[in-house]
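Take a look at the structure below.
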Amino acid sequence: MQPRWLLSTTWVKTVDDGLAQRLADVEATFEETLVQLTDRDLASDQNLYREVTTRHAELKPIVEAFRSHRAISTEIAEARELAGTERDPEMAQYLAETVASGLERLVGIEADLRALLIPKDPDDDKDVIVEVRSAAGGDEAALWAGDLYRMYERFAERSGWRIEPIDVSVTGGGGVKEATFAVKGKGAYSKLKFEAGPHRVQRVPKTESQGRIHTSMATVAVLPEVEAVDVEILENDLIVETMRSQGPGGQSVNTTDSAVRITHVPSGIVVSCQDEKSQLQNKIKAMRVLRARLYQVQLEEQQGERAAARKSQVGTGDRSEKIRTYNFKENRVTDHRIGLTVHSLPMVLDGDLAEFHSALAENDMARKLAEGI
């Protein structure tokens with residue numbers, strides 16, 4: 001009786017027909033981009049040129065993996081065919097090893113292909129607008145919001161990104177009522193999107209004389225920053241108000257009407273900015289936040305699975321809600337979405353979030369693969 005690996009002499013297929021068809025379609029589209037890139041007139045349309053080159057770069061690793069899969073499949077099929085008539089034991093053993101090795105490589109390539117075919121979040125490479133707000137817990141919640149703000153500053157520094165304050169409302173004792181800031185750097189949204197949600201802290205406040213542990217909350221919203229062309233905002237839909245800046249900020253505070261508050265009447269969204277001394281600069285920054293929020297609203301309307309995304313990010317701010325818990329007494333940080341716990345709280349607050357982001361990204365990919373996305 002022939003060994004099982006000799007039973008088929010046809011081209012080996014470890015992918016199902018549906019996946020094979022998707023890969024064939026991707027290869028055809030990739031070939032189309034190659035033809036388009038040879039067109040001399042393409043460079044005259046910068047938007048189209050950027051679209052084609054981006055598409056080409058996205059498809060290239062998929063096509064290369066697919067072609068590698070096809071070449072190995074052919075190699076296995078040929079080895080099986082030769083083995084069917086081979087009488088030399090040593091050569092038969094070599095062919096058997098070729099088949100076994102090839103099949104093992106195919107399994108790995110197939111896993112890579114499925115991962116590569118998961119649609120990339122179009123916002124992943126964008127800069128972001130982050131909003132940190134104190135929630136349940138009074139003054140301690142404001143102190144905690146300030147700690148989170150500083151954590152993201154350190155994370156941005158570690159990542160080689162730049163943080164740009166937009167509107168920071170401080171409280172007495174170093175707390176933060178709310179902080180809106182931009183993080184600028186390639187891939188900022190791909191990492192920081194995992195920070196969206198309620199963050200719970202368990203610790204003994206400095207003002208607690210009995211040494212009792214208090215639980216406080218702060219919420220984080222993460223919005224991709226978009227260009228003006230991505231969101232249409234009519235000037236007639238805006239109410240722009242100016243006011244005196246509040247809190248620390250230099251000599252101009254409480255002396256000039258440099259702070260700006262913008263209300264977008266159709267949506268009811270209100271944004272403000274007082275970080276800059278110039279009223280014009282504050283208006284420009286406020287408009288950036290408004291565009292980001294309106295873009296999020298558009299996504300919610302267009303994509304049912306992301307409906308109410310920002311609302312789900314910040315939650316109600318109640319102590320029972322959380323995506324992550326920071327327990328000072330136990331030196332513990334737990335991400336409840338994936339059940340990951342690390343005992344290095346000072347390092348996490350110093351911006352070391354890599355372990356969480358890596359695990360969350362893997363979990364997100366596994367979920368999409370399971371759902372066939």
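Extending 7 Å from the Cα toward the beta-carbon at both Ala92 and Arg337 defines two label points whose distance is 5.6 nm. Label zone (Asp364, point 7 Å along Cα-to-C-beta; backbone nitrogen cut-off 17 Å) within the range 323-344: 323-324, 335-340.
Potential lengthening of the chain between Arg154 and Ser267 amounts to 37.3 nm, from the contour at 0.36 nm per residue minus the alpha-carbon distance.
In this calculation the C-beta distance from Glu31 to Thr85 is compared with R0 = 41 Å, giving a FRET efficiency of 0.65. Computed from the Cβ-Cβ distance with R0 of 56 Å, the FRET efficiency linking Gln202 to Glu104 stands at 0.75.
Amide H contacts for Val170 (H built 1.01 Å from N in the peptide plane; partners 5 or more residues away or on another chain; cut-off under 5 Å): Lys177.
Database remark: amide H of Val226 closer than 5 angstrom to the amide H of Ala292 (H placed geometrically; neighbours at sequence offset of 5 or more, or on other chains; Pro and chain starts carry no H).
Other residues lying with their Cβ under 10 Å from the Cβ of Thr98 contribute a combined charge of -2, Lys and Arg counting +1, Asp and Glu -1.
Checking the table Lys191/Lys285; Lys177/Lys368; Lys60/Lys285 against a 27 Å threshold on Cα-Cα, which pairs fail?
Details: Lys191/Lys285 23 Å; Lys177/Lys368 36 Å; Lys60/Lys285 38 Å.
Too far apart for the 27 Å limit: Lys177/Lys368; Lys60/Lys285.
Decide, for the range 111-188, between rounded, prolate and oblate: order the square roots of the alpha carbon gyration tensor eigenvalues as a ≥ b ≥ c, take rounded if a/c falls under 1.5, and otherwise choose prolate if a/b is larger than b/c, else oblate. It comes out prolate by the Cα gyration axes. 3J(HN,Hα) along the range 29-44: 5, 4, 5, 5, 5, 4, 5, 4, 5, 8, 7, 5, 6, 4, 5, 6 Hz, from the Karplus curve 6.51 cos²θ - 1.76 cosθ + 1.60 with θ = phi - 60°, whole Hz, x for Gly and Pro. Compute the Cα gyration tensor for the range 4-116, then decide on rounded, prolate or oblate, letting a ≥ b ≥ c be the square roots of its eigenvalues: rounded whenever a/c is under 1.5, prolate when a/b is larger than b/c in the other cases, and oblate in all that remain. The shape class here is prolate.
The modelled label-to-label distance for the pair Leu48/Lys186, using points 7 Å beyond Cα in the direction of Cβ, is 2.7 nm. In order along the range 56-64, the Karplus-derived 3J(HN,Hα) couplings, from 6.51 cos²θ - 1.76 cosθ + 1.60 at θ = phi - 60°, round to 4, 5, 5, 7, 4, x, 5, 5, 4 Hz, and Gly and Pro are given as x. Each Lys or Arg adds one and each Asp or Glu takes one away; over the other residues whose Cβ falls under 10 Å from the Cβ of Gly175, this sums to -2.
Close amide-amide hydrogen proximity is noted between Val204 and His214, each under 5 Å apart and 5 or more residues distant or on a separate chain (H modeled in the peptide plane; Pro and chain starts excluded). Fewest-first ordering of Leu353, Leu34 by other beta carbons within 10 Å of each residue's beta carbon gives Leu34, Leu353.
Bear in mind these aren't lab numbers, they're just calculated from the coordinates by the rules spelled out. For clarity, every value in this text was computed on a predicted model and none was experimentally measured. FYI the Cβ positions are ideal-geometry reconstructions off the backbone, even for glycines, and counts take in every protein chain you see.
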